[in-house]
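Read-outs: derived from the displayed coordinates by stated rules, not from any lab. Computed from a predicted model, the values in this text were never measured in an experiment. Note that we place each Cβ from the backbone using ideal geometry, even for glycine, and neighbour counts take in every protein chain shown.
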Amino acid sequence: MHASERRATSVVAVVAMIRMFGLFALLPVLSPYAKTLDGQTPLLIGLAVGAYGLTAAFLQIPLGALSDRIGRMPVIIGGLAVFSAGSAAAGLADSIWGVVLGRFLQGAGAITATLSALLTDATREAVRTRAMAVFGGGIGISFMLALAAGPIVAAQFGVQALFWMAAVLAAAAIVLLRLLPEVPQPKVNPTWSIAPAFRADLLRVDLYVFLLHAIMTATFVALPFLLGQRLALPLDQYWKMYAGALVVSLAIGGPMIMKDRHQGRADLLGVAVGMILLAQLALTFFGFSWITVFLALVVYFGGFIFLEAGLPARLSVLADDDVRGASLGVFSSAHFLGAFVGGLIGGRFLGAGRPTDVFFVCALLAAIWLALQGFGQLRRPK
């Protein structure tokens with residue numbers, strides 16, 4: 001990489017990490033917190049967890065296409081400002097509907113696709129795959145740190161503090177963008193057509209990221225409840241389970257990412273999806289004990305880290321230059337729609353008093369994914 005490309009990759013990756021940290025830190029604690037709010041129901045708890053995904057899903061495509069026309073920076077700065085405002089609104093809320101509204105506003109700051117497009121604008125094709133792997137890997141690292149930090153901050157200062165932290169971090173990310181080198185303007189798509197973003201090979205990757213985040217969000221609606229109910233684990237101790245599993249999982253996911261240099265190895269994709277399937281089956285059928293949960297999380301996180309880093313890189317390589325923003329918008333819409341659907345799935349089974357059934361549904365989704373992929377559906381880009 002040239003120096004400017006390294007700098008652009010670092011800045012964009014850190015901005016993405018900062019923004020996603022604020023979302024991920026809420027995952028292990030939001031559903032128990034929502035249960036304490038006025039007006040809560042199990043369905044609304046699931047909605048509070050996944051609400052940001054709905055607005056993000058609807059806005060990723062138009063904002064990605066808009067960034068193809070007016071440039072990336074105005075869209076990114078505006079999105080970070082809206083995300084910060086939504087985080088503050090949720091931090092001020094004292095009812096479940098206030099939190100849901102704040103989460104909807106968080107999702108309206110839908111800049112993941114535009115950040116990805118900015119990074120591809122700033123890098124040559126020869127190094128773009130590596131840059132996108134850094135971008136996705138950074139989000140994976142943010143996920144790991146946030147799952148460990150969220151319960152600690154919530155136990156010491158309350159869950160509202162996590163919302164305020166997300167608001168401050170988003171504002172800091174706007175300042176950080178000043179460190180970006182000059183980035184070439186993307187080729188303008190004069191017709192505003194996003195039809196090329198719906199090619200079959202791109203939609204396949206979109207489906208994969210939908211399933212990945214549906215499974216993740218549904219899992220983290222049910223899992224925090226069960227840690228407290230079945231294992232009698234206090235909130236301020238959740239981080240030990242998550243952090244321990246994440247550290248061990250790096251020994252699995254890290255080498256897989258290094259081996260997948262061509263960003264298209266179907267065997268590694270199949271292994272990663274199989275790991276997620278195995279983890280969900282373990283949580284469903286092997287009993288909810290300390291050792292079962294820990295080992296299941298190790299296997300799950302290993303597969304998740306690989307897929308979270310690899311899928312955006314694949315999409316960026318496959319997408320055409322003049323609709324890259326729109327293509328990444330479709331991809332990010334699938335990502336966040338999956339999060340919304342996962343929240344509804346988790347809330348539905350939580351309300352029925354069958355939280356462990358969430359893991360069975362997630363196992364079914366992973367099995368469908370594995371069958372669709374067939375260990376060879378996604379080929380190396382030419």
Q: Report ³J(HN,Hα) in whole Hz for each residue of the stretch 49-60, in order, from the Karplus equation J = 6.51 cos²θ - 1.76 cosθ + 1.60 where θ = phi - 60°; Gly and Pro get x.
A: 5, x, 4, 4, x, 5, 5, 4, 4, 6, 9, 4
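With r as the distance between the Cβ atoms of R354 and D236 and R0 = 35 Å, compute the FRET efficiency 1/(1 + (r/R0)^6) and round to 0.05. Before the final figure, lay out each step's value.
Working: r = 27 Å, r/R0 = 0.78.
Approximately 0.80, to the nearest 0.05.
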(Q) Among L231, L92, L269, which one shows the highest mean-square fluctuation when the chain is modelled as a Gaussian network with alpha-carbon springs under 10 Å? (A) L231
Q | Mean-position separation - Cα centroids, the stretch 80-132 and the stretch 29-48, in angstrom | A | 22 Å
Q | Degrees, to the nearest 10: 200-229 long Cα axis against longest axis of the chain | A | 30 degrees
**Q.** Fluctuation leader among F304, F285, F220 - the chain, Gaussian network, Cα springs under 10 angstrom
**A.** F285
(Q) Can you sort I345, I77, I291, I215 from fewest to most other Cβ atoms within 10 Å of each residue's own Cβ? (A) I291, I77, I345, I215
**Q.** Segment M73-L176, extension gain: residue separation times 0.36 nm, minus the distance between their alpha carbons
**A.** 35.9 nm
Q: For W97 and A251, calculate 0.36 nm times their separation in residues minus their Cα-Cα distance, and state this gained length in nm to one decimal.
A: 51.3 nm
Q) For the chain, what value does the Rg/Rh ratio take when both radii are computed over Cα atoms and Rh is the Kirkwood radius, given to two decimals? A) 0.95
